Amino acid sequence: MNENKRTTTLRLAVQKSGRLSDASMDLLAACGIKVSRPDRKLRAVADHFDMELLFLRDDDIPGYVEDGVADLGIVGENVLYERERDVKVVQKLGFGRCRLSIAVPNAMPYEGPESLMDAHIATSYPGLLGRYLEERGIRASIHEISGSVEIAPGIGLATAICDLVSSGSTLISNGLQEVEVILRSEAVLFSTATLTAEQEALLAALTFRIKSVLTARKYRYILMNVPNAAIDEVAAILPGMKSPTVMPLAEEGWSSVHSVITDDQFWDIIDQLKAAGAEGMLVTPIEKMVL
Ligand code: ATP
Ligand code: ZN
């Protein structure tokens, strides 16, 4: 049997192992797309969805999607936009958040991008960095290195670096300060420039599921017991999308009030809810949400 022969309508390439792998597979699982991958195979067919997965290094994924070897891919925007590609971004996925930043040694005086004039900048992202410098008319030399960029100034290889940052602790421990953010990145789903009608239909089904999962992740379901006399006051505090659901409790004079709030709203309103007389509050995650 030809190993490359397609058996499914869609082929999605995801990172084989690394920072995006688990989150990519978790998102698919939350969308009802489960994949068993015995022996860490490089290819696997999904259960209950007409799609197979290819497990690749993230840097190789944009090229494979552009060439049509895979129809869809998931990578960080930093990888996708490093080179101009004939692909279409379908959807941001809300994980793998980081920024591509320029950092300089703490001791270097820095007054803005013009301080980088004639600098030697080490990076794994020569494309993005080169475009950033060119747009600002800054002449600097770019040293492309594939890893451990943060040590380059310390060993005299460069005067500055341009690298991915999330917490910034790697920069601090290498005596560097972040001075410019050149790209804010997260994982994205993207596709080849042209899909067949059948593939488009399946992709629409996939993105509908992804949106329901991503929306749900932002919200929490909140339930509490409220004396009937306080229901209006509690309803006014709750920032829910619609008016809350109110159901009588078996205990006379009390109701159960249910609503949906965003993850960060709970701590802002908890004291007000308690002061209004709410008791027995429960906050739970929501798995899927269709608005
Ligand atoms: P591969 O073996 O697939 O080439 P890699 O070493 O290039 O893996 P990872 O370190 O697994 O890549 O990072 C994958 C992606 O995770 C990055 O391209 C970026 O989009 C995202 N990411 C999120 N936070 C960070 C971070 N602090 N450092 C590096 N990448 C991050
Ligand atoms: Zn990589």
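Results, tabulated for the structure shown:
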quantity	calculated
For Y221, Y81, order by how many other beta-carbon atoms lie within 10 Å, fewest first	Y221, Y81
Acute angle (nearest 10 degrees) that the helix 266-276 long axis makes with the longest principal axis of the chain, alpha-carbon atoms	20
Exposure proxy ranking, count of Cβ atoms within 10 Å, fewest first, for W254, W267	W267, W254
Cα shape, the chain, gyration tensor, a/c 1.5 rule	oblate
Relative contact order [Cα under 8 Å, 6+ residues apart], the chain, whole percent	18
Rg [Å, one decimal], Dmax [Å, integer] - the stretch 218-285, C-alpha atoms	10.9, 35
E111-A229 pseudo-label distance in nm [points 7 Å out on the Cα-to-Cβ vector]	6.9
The stretch 46-88 shape via C-alpha gyration tensor axes, a/c threshold 1.5	prolate
Mean separation of Cα contacts under 8 Å, 6 or more apart, over the residue count of the stretch 218-285: relative contact order %	52
Overall form of the stretch 98-185 per C-alpha gyration tensor (a/c, 1.5; a/b vs b/c)	rounded
Ranked F208, F190, F95, F266, criterion: other C-beta atoms within 10 Å, fewest first	F208, F266, F95, F190
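The numbers here are math on the coordinates, done by the rules we state, and not lab data. Remember, it's a predicted structure, so these values are computed and weren't measured experimentally. Counting neighbours? That spans all protein chains shown, and the Cβs are built from the backbone with ideal geometry, glycine included.
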